[in-house]
Amino acid sequence: MRLPVDSLQVLTEASEVVANHPLSLDELLRALAELVRKVADYQLFAVLLAEANGDLAIRYSIGYRPELAERLRVRRGEGITGDAAKRRRTVIVGDVRKDRRYLMAVEAVRSEIAVPLVARGKLVGVIDLQSARPAAFDEDSRNVLELIASRFSLAIDAALLFEQSMRQNATLKTLADAAQEFSTILALDELLHKISGLVRQLARYDAFSIYLLEGQSLQHYFGVRFDERVQWQSMPLGEGIVGAAGADRKTILARDTSRDPRYVQAVEGIRSEVAVPLILKDAVIGVLDLESERLAAFDEEHVQALELLAPQVAAAIDNARLYEQLAREQARLRQDLTAARHLQKLLLPTGFPRFEGLEVAARNVSAVEVSGDFYDFFEQDGERFMLINGDVTGKGAAAALYAALASGLLQSLTAKFLEPKALLEALNQGLLARPLDARYLVAIVACWVPAERRLSVASSGQPRPAVRRGGKAEFLRIGGTPLGMIDPGVYDEVSLELAPGDVFVTASDGLHETEDAAGRQYGEQRLGELLESLPDASARELLDAIFEDARTYGGMESPPDDRTVVVLRAL
């Protein structure tokens with residue numbers, strides 16, 4: 001099961017909240033309401049818990065009149081909440097007025113979502129959210145709320161048991177400490193070592209094992225015998241005491257293994273055994289197994305303690321496995337992004353080109369591994385030279401791929417379209433023929449004609465380029481519509497003559513929008529003042545000065561957005 005980075009953060013926060021309120025039911029439900037508020041906009045919130053007769057009663061609520069919350073009872077199978085409880089599946093209703101199951105408690109309600117809380121294979125209760133807006137809850141709401149429910153259901157069940165059995169204070173205190181400690185351990189092997197030590201506090205054993213379900217076999221994942229790590233054979237689901245516990249989803253207590261026909265000997269001398277299924281979200285993920293050389297070493301109290309611990313163990317193991325999977329995926333993604341960044345660097349021009357009458361310098365610094373900014377230079381018929389500075393909306397891999405698409409199209413278009421405006425119009429058509437949702441390109445295209453010392457510049461919405469002539473900096477008043485957005489596009493074009501020492505600078509918005517500690521943007525004025533302060537600097541020196549000034553101004557080594565700057569200095 002793969003989770004996006006944001007879902008994993010919700011899961012982790014839920015685990016932390018559960019750890020902070022492991023046994024106080026009222027505090028736990030209050031924390032649950034606060035966490036749910038972060039991910040779903042509701043007017044009515046309720047946690048209904050299952051009673052002995054199967055009815056559901058509100059234990060904690062927000063938005064209900066106290067007298068209504070106190071007397072309201074919902075039978076399993078009745079109403080939207082009862083239907084979710086009966087089927088143990090989340091129910092979403094976009095318009096309750098069109099759903100016959102809806103039991104009206106508050107007239108203004110228009111939409112509802114009910115998420116069952118299931119622990120140890122039984123229904124604990126239901127989280128019910130209601131809103132005055134139609135269709136307030138969607139599949140994203142379902143996914144996040146089910147993640148939260150999967151963590152809170154275990155804690156709520158433990159809290160209910162605590163309320164019902166005060167005489168188990170010592171055992172439950174141990175479980176509470178375990179839940180808090182488990183939530184901080186994400187390395188699976190370290191976690192299982194910790195679990196083996198905790199279980200020893202609850203029940204003396206001579207052999208401890210954790211089996212994890214893979215297909216139809218329980219793989220022996222972790223084992224300890226007399227404090228030494230051991231590795232035993234796996235057990236087919238349904239075979240042996242371990243396999244039977246996994247298949248039947250029930251704890252098996254064998255006080256005398258010689259009298260239990262299901263017993264399969266792994267080591268000599270074992271006289272008693274207890275196997276507890278590890279169940280998460282109503283699915284068996286493994287089995288916790290204890291063995292002893294003493295006859296009747298385990299009893300019902302041990303079973304009760306282990307069954308209380310098992311949901312926490314299952315959740316902690318699942319959390320650790322998800323973390324390890326995410327770590328592997330992130331490592332693979334980092335490798336892919338590093339390779340993509342290397343490839344992108346190969347696509348950018350190497351070094352600075354030499355154009356007649358011009359000194360050129362350019363640089364791209366990405367905010368992440370790959371950049372949505374790019375620049376390129378093209379020679380046309382040996383008589384004119386073209387440059388482009390482009391910026392794709394967004395950043396990261398998707399933006400980089402779109403930038404590569406635009407760069408490839410430019411390669412085929414520059415030989416046919418000699419003027420910047422015409423090139424932008426052709427590029428716009430090429431991108432519109434390959435539409436990508438929410439992706440477009442802003443760019444500056446400039447054409448240098450050495451014989452005329454003329455620089456023609458067109459824009460599709462990139463920040464205004466700067467020109468320093470006669471020691472004074474100004475910004476060209478040109479603009480245009482982004483490429484790949486609309487047809488036809490509108491693009492301004494201007495031409496200017498450059499005398500020796502004149503400078504032309506085009507920069508992406510990652511430079512102009514750099515903010516200082518007070519939130520003030522770098523902007524045109526600062527760039528213009530910098531250009532005026534370095535009248536004798538080369539193109540390379542100006543480029544270095546611009547990037548260093550932006551780094552100092554923003555106070556960060558890594559920019560929050562891609563930065564690309566191209567500097568032309570007339571010779």
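The values are calculated or read from the model by the stated rules, or taken from the named source; none is laboratory data. Keep in mind the model is a prediction, meaning the values are calculated, not measured. Backbone-built Cβ (ideal geometry, glycine too); neighbour counts: all protein chains shown.
For this structure, a couple of remarks:
- In summary, Ala84 fulfils each of the numbered conditions (1) within 23 Å of Leu28 (Cα to Cα); (2) among the aliphatic types (A, V, I, L, M); (3) in contact with a helix residue (DSSP H, G or I) (Cβ under 6 Å, 6 or more places away or on another chain) with the single exception of condition (3).
- The stretch 248-298 - residue that is among the hydroxyl-bearing types (Ser, Thr, Tyr) and in a loop (DSSP other than H, G, I, E, B) and, of those, farthest from the chain's Cα centre (by Cα): Tyr263
- Any chance Leu186 is among the hydrophobic types (A, V, I, L, M, F, W, C), crowded, with 19+ Cβ neighbours inside 10 Å and assigned by TED's automatic domain parsing to the domain that holds His302: no
Every residue, every condition in (1) within 31 Å of the chain's Cα centre (by Cα); (2) without any contact (Cβ under 8 Å) to a residue 60 or more places away in the chain, yes or no:
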| residue | (1), (2) |
| --- | --- |
| Gly471 | no, no |
| Thr481 | no, yes |
| Asp502 | no, no |
| Ala518 | yes, yes |
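- All conditions but one from (1) buried (at least 17 other Cβ atoms within 10 Å of the Cβ); (2) modelled with pLDDT of 90 or more apply to Tyr102; the one that does not is (2).
- Residues satisfying the stated conditions in the stretch 226-248, i.e. in contact (Cβ under 8 Å) with a residue 12 or more places away in the chain and farther than 22 Å from Asp260 by Cα: Phe226, Val230
- Of the strands (runs of 3 or more DSSP E) lying entirely inside the stretch 457-571, those containing at least 2 residues that are surrounded by fewer than 18 Cβ atoms within 10 Å (Cβ to Cβ) and at pLDDT 90 or above span 472-475, 492-497.
- For the stretch 60-92, the set of residues classified as small (Gly, Ala, Ser) and either over 23 Å from Leu160 (Cα atoms) or touching a residue at least 60 places away in the same chain (Cβ under 8 Å) (or both) consists of Gly63, Gly79, listed by residue number.
- Pro435 assigned by TED's automatic domain parsing to the domain that holds Asp381, on the phi < 0 side of the Ramachandran plot and surrounded by fewer than 14 Cβ atoms within 10 Å (Cβ to Cβ): yes
- Residue within the stretch 200-208 that is at pLDDT below 90 and crowded, with 18+ Cβ neighbours inside 10 Å present: yes
- Meets criteria (under 19 Å from Val10 (Cβ atoms) and touching a Ser or Thr at 6+ places or on another chain (Cβ under 8 Å)) for Ala155: no
Residue-wise test of (1) under 30 Å from the mean Cα position of the chain (by Cα); (2) surrounded by fewer than 19 Cβ atoms within 10 Å (Cβ to Cβ); (3) within 23 Å of Ala155 (Cβ to Cβ); (4) at pLDDT 90 or above.
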position	(1), (2), (3), (4)
Asp6	yes, yes, yes, no
Leu11	yes, no, yes, no
His21	yes, no, yes, no
Ala33	yes, yes, yes, yes
Lys38	yes, yes, yes, no
Glu67	no, yes, no, no
Gly77	no, yes, no, yes
Ala85	yes, no, yes, yes
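- Taking the stretch 117-141 as the range and being of a type in the set (Lys, Arg) and either crowded, with 17+ Cβ neighbours inside 10 Å or in contact with a His (Cβ under 9 Å, 6 or more places away or on another chain) (or both) as the test, only Arg120 passes.
- Every condition in (1) on the phi > 0 side of the Ramachandran plot; (2) in contact with an Asp or Glu (Cβ under 7 Å, 6 or more places away or on another chain) is met by Tyr211 except one, and the failing one is (1).
- Matching option when the condition is small (Gly, Ala, Ser) and either more than 16 Å from Val565 (Cα to Cα) or not assigned by TED's automatic domain parsing to the domain that holds Asn428 (or both), among Gly461, Gly470: Gly470
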